[in-house]
């Protein structure tokens, strides 16, 4: 396939990141290229939080959980005086974090379990329709990165299958991923809680249980890629140390000798979005990956330098 | 899409099973049909053992395990005198089964774990290239059902995505599913053992560990369908009581009101294949499903009556 005459990535400024991405896509898709990859092996994986949409000040799913705690309070008056709910209701993130991973898990399960999969989908859909980002006042589904949308579309046009591989909840993301990114439910991989099948008055349901099934982060990402896709991606896009292992799995020591591309979105633009990397944050710390990028040949996409637009519209 | 003039299912005899299948496909694919389903929601799921290929006298993967035990014996001389390996080596299935589920799991782990995912793929590929079915002397990949191949192809042509949802090992099936069935790795769902990611001399590997990750049978099948596909299938093909729950999930009480199809392959042909249903077998018992089929509207495909050919060629 020849490169179209019009720029497929108009929101990317000319520079080494854009060049590296377009050059890779050309090399693996042109028939006469020594790096040519057949269509069915053109698999690209994308982290979600901080790579496809904004994860600051805290990831979107944490806002969802916070709003659910408020909505469910009438049924759980005891939460007013019990941790971690008391801190959560007061908007005291430090107080919640002081409860450790157990506190976070308690909030996650109280808000994500105890209903059927169909009921959960409706709850998430209704929430996304009205919830607004605290800084911009925009719906969360508008806090997505225009340059990454263009990249997804360019890859689709060049015969790639694109998958989301995120630490976020799989059933949370599937509610919007197809409409917002063009990524269908079967191509969304994420963290999950256990579900079980039961017949309820002659109708089959899947009930969501308060138990972790899989945490799709760090070394779990290549494990999930292998389990769900069963092919090794040739392109991987992330933004944090949680994406290091799937970048390694994509780009290093491939027995098939395929060309590959690894990209890290670097959040350098405090004005148009948020600036963060090495400091500890709830989600999105980029420290080791920043040190390793040059040696491993990973491309840094510098939000301030490389993107002339951040959000759509 | 209009039905092609040539018969898409030539190995199926005219009769109620063939009629029900072709009628369903017509109803969900014709633009002007009240049961029309958009392409991206046309998901069909297939069991593998006994539905797409022969599972008798024992499932193919059990032969693989038996051959691996023999191949690995020089490294494990202690197996000659330890159960369940001693019985396994003697071909004494009852002796193995006498060790219970623990014995079966020991053989499974000894033969399926302890290597990387790449190494396991090579082992399975090499074995499939030479192993032969004990009754017919044919390669196992030729012991597939021609009528089901035609059905897979017809569904592909009519815009369906087809997935395998099997109790068999996912990484075992992925080795041949694309070549043999036209079902790509990312559409193969099965049982799995745990893997972990590690860097080995600068090269990333996924190592297969001796621990069950997920058993994809019975009530696990709708759970896996939801986890991996995230859409409810509109067509489901099975052959045993292990497929009941995914048939229920596909065909009963759908909140979306979609038309659906459930089919059970009934093994009635002891001459051309094997005749079995209600009796207890290692894999493939069809007892409850046989009682429920009529009430739930599931189609029974009677191998002897409905198929004029069983195997290809």
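Quick look at the numbers
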read-out	value
Closest approach to the axis - chain A beta-carbon, rotation onto B, Å	A:228, 3
Cα centroid of segment A:6-60 to Cα centroid of segment A:215-229, whole Å	20
On Cα atoms only, tilt of B:117-130 relative to the major axis of chain B in degrees	80
Nearest-first distances (nm) between copies at residue A:81, label 7 Å from Cα via Cβ	6.8
Cβ-vector label at 7 Å, residue A:34, separations to other copies in nm	6.3
Nearest-first distances (nm) between copies at residue A:253, label 7 Å from Cα via Cβ	5.1
Relative contact order (%) - segment B:170-313, alpha-carbon pairs under 8 angstrom, separation at least six	15
Kirkwood Rh in Å, taken over all unlike Cα pairs in segment A:198-282	15.9
Bridge type composition, chain A - antiparallel percent by DSSP, nearest 5	40
Residues A:29, B:130, sorted so that the one with the fewest Cβ neighbours within 10 Å comes first	B:130, A:29
Volume of the Cα convex hull of chain A, divided per residue and given in Å³	145
Exposure proxy order (Cβ contacts within 10 Å, fewest to most) of A:228, B:214	B:214, A:228
Cα-based shape type of segment A:78-137, given that a ≥ b ≥ c are square roots of the gyration tensor eigenvalues and the cut on a/c is 1.5	oblate
Size descriptor, Kirkwood hydrodynamic radius, that averages inverse alpha-carbon separations across segment B:50-168, Å	16.2
Residue order, fewest to most beta carbons within 10 Å, for A:27, B:280	B:280, A:27
Convex hull of Cα atoms in the protein assembly as shown, direction-averaged projection (nm²)	31.3
For chain A: relative contact order, % (alpha-carbon pairs under 8 angstrom, 6 or more apart)	23
0 to 90° range, to nearest 10: angle between helix A:146-157 axis and chain A longest Cα axis	60
Principal-axis tilt of helix A:60-72 within chain A, Cα atoms, nearest 10 degrees	20
Distance from segment B:164-181 to segment B:240-307 (C-alpha centre basis), Å	20
Whole-Å semi-axes of segment B:1-89's equivalent ellipsoid (Cα gyration tensor)	49, 15, 10
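Read the figures in this text as sums done on the coordinates, not as results from a lab. Quick caveat, the model's predicted, so the values are computed rather than measured. Positions of Cβ are generated from backbone atoms using ideal geometry, with glycine treated the same way; all protein chains shown enter the neighbour counts.
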